[in-house]
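Single-structure report; data block below.
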Amino acid sequence: MLERLQKIIANAGIASRRAVEEMMVRGEVTVNGRVVTELGTKADPEHDHIKVGGKLITSHRQQEKRYILINKLRGYLSSVSDPKNRPLVAHLLPPSSRRGLHPVGRLDYNTEGLIILTNDGELTNLLTTGGRVEKVYHVKVKGSPGESQIEHLRAGIMIGRSRTAPAQIRLIERTREAGNTWYEVILRQGKNQQIRKMFDSIGHSVVKLRRIKIGHITDAGLPPGHHRELTTSEVNRFLRTQAATASRKLNNASARRKKRHREGSKRRAETVR
């Protein structure tokens, strides 16, 4: 069956759909020996020979799904490769455990904390699109921002040509000796280096940043630099959240249609009178 190429490759566990699109544009994807750069191109994962970076991918139907939680250290890239040969987050795993896994979303080079590596495209899509899963960060910034400045960040700011979604921010601690302040920041939709850019915009740059929670998954019992497998129940809870969200959207859409129908019927009845 024909499917979009970026979906096939993402489901094969190579990278997220967004990252796959970037690979296609760079000419790293071939189908039956032909380089494919046009987004939306379709292929048959069971019959076509699809390669990424010269390596033949395996259909997601033939793969065992794997989910590994890593407490990332500073100085590691959340990427599947790096032309400068800098350390990758996968290097925190034994070599035998890395094959076929990609990071879900990104933590920048100097950011610590939780990140999931998987070969499951469905979970990757769930965690990186639509703002369906909360991510919680602890942030140490220089100085002590005023409450009006923090309220400004909570409401959303312009980064580039788009506005950030509202964020939850609460004070954790002020460190008197260093003159720094710790905050907890909760995001649903995040842009590249969003938290750093948010605090830069009010003149209080980030000194330290770590992600402590992804949805219901926390860093409890997982020291920096260590990893563990996610349990089946932890993964299924993400998927149940997705199903519940989809159900709510369907019910809300149905309620809106019924409301429009009632209002239309009322207007027609008034016109007849």
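The values are calculated or read from the model by the stated rules, or taken from the named source; none is laboratory data. Quick caveat, the model's predicted, so the values are computed rather than measured. Note that each Cβ is placed from the backbone with ideal geometry, even for glycine, and that neighbours are counted across all protein chains shown. These accessible areas exclude ligands, DNA and RNA; they are computed on the full protein's heavy atoms, side chains included. Shrake-Rupley method; radii C 1.70, N 1.55, O 1.52, S 1.80 Å.
Quick notes
- With contacts taken as Cα pairs under 8 Å at a separation of at least 6 residues, the range 41-103 carries a relative contact order of 21 percent.
- Mean residue ellipticity, 222 nm, helices only, the chain: the sum of -39500 (n - 2.57) across DSSP H runs of n ≥ 4, divided by residue count and rounded to 500, is -9500 deg cm²/dmol.
- q = 0.13, 0.16, 0.17, 0.20 Å⁻¹, the range 48-192: log10 I(q)/I(0) [Debye, one scatterer per Cα]: -0.74, -1.01, -1.10, -1.32
- A cut-off of 5 Å between modelled amide H atoms, ignoring neighbours fewer than 5 places along the same chain, links Gly156 with Ala167.
- Listed residues Ser201, Ser78, Ser148, most fluctuating in the chain (Gaussian network, C-alpha, under 10 Å): Ser148
- GNM top mover of Glu184, Glu263, Glu28 - the chain, alpha-carbon springs below 10 Å: Glu263
- Fraction of beta bridges assigned by DSSP in the chain that are antiparallel (%, nearest 5): 95
- Relative contact order (%) - the chain, alpha-carbon pairs under 8 angstrom, separation at least six: 18
- Here's how it looks for Asn180: its modeled amide H is under 5 Å from those of Gly143, Thr175, which are all 5 or more places away or on a different chain.
- Note on the range 109-190: along the principal axes its Cα atoms extend 45, 27, 20 Å, ordered by decreasing extent.
- Accessible area per residue, Å², the range 1-141 with all protein chains present, probe 1.4 Å: 49
- Positive contributions from Lys and Arg (+1) and negative ones from Asp and Glu (-1), summed over other residues with Cβ under 14 Å from the Cβ of Arg228, come out at -1.
- The antiparallel fraction among DSSP beta bridges confined to the range 138-188 stands at about 100%.
- Long-range Cα-Cα pairs in the range 49-134 (distance over 20 Å), rounded percent: 38
- Per residue, the convex hull spanned by the alpha carbons of the chain comes to 197 Å³.
- Take Glu151: with every protein chain present and a 1.4 Å probe, its accessible area is about 90 Å².
- Taking 0.36 nm per residue of separation and subtracting the Cα-Cα distance, full extension of the segment from Asn32 to Glu3 would add 8.9 nm.
- For the chain, carbon and sulfur atoms together expose 48% of the accessible surface, with a 1.4 angstrom probe and every protein chain in place.
- Of Met198, Met158, Met1, the order by accessible heavy-atom surface (1.4 Å probe, DNA, RNA and ligands excluded), from most exposed downward, is Met1, Met158, Met198.
- Considering all C-alpha pairs of the range 1-64, those separated by over 16 Å amount to 32%.
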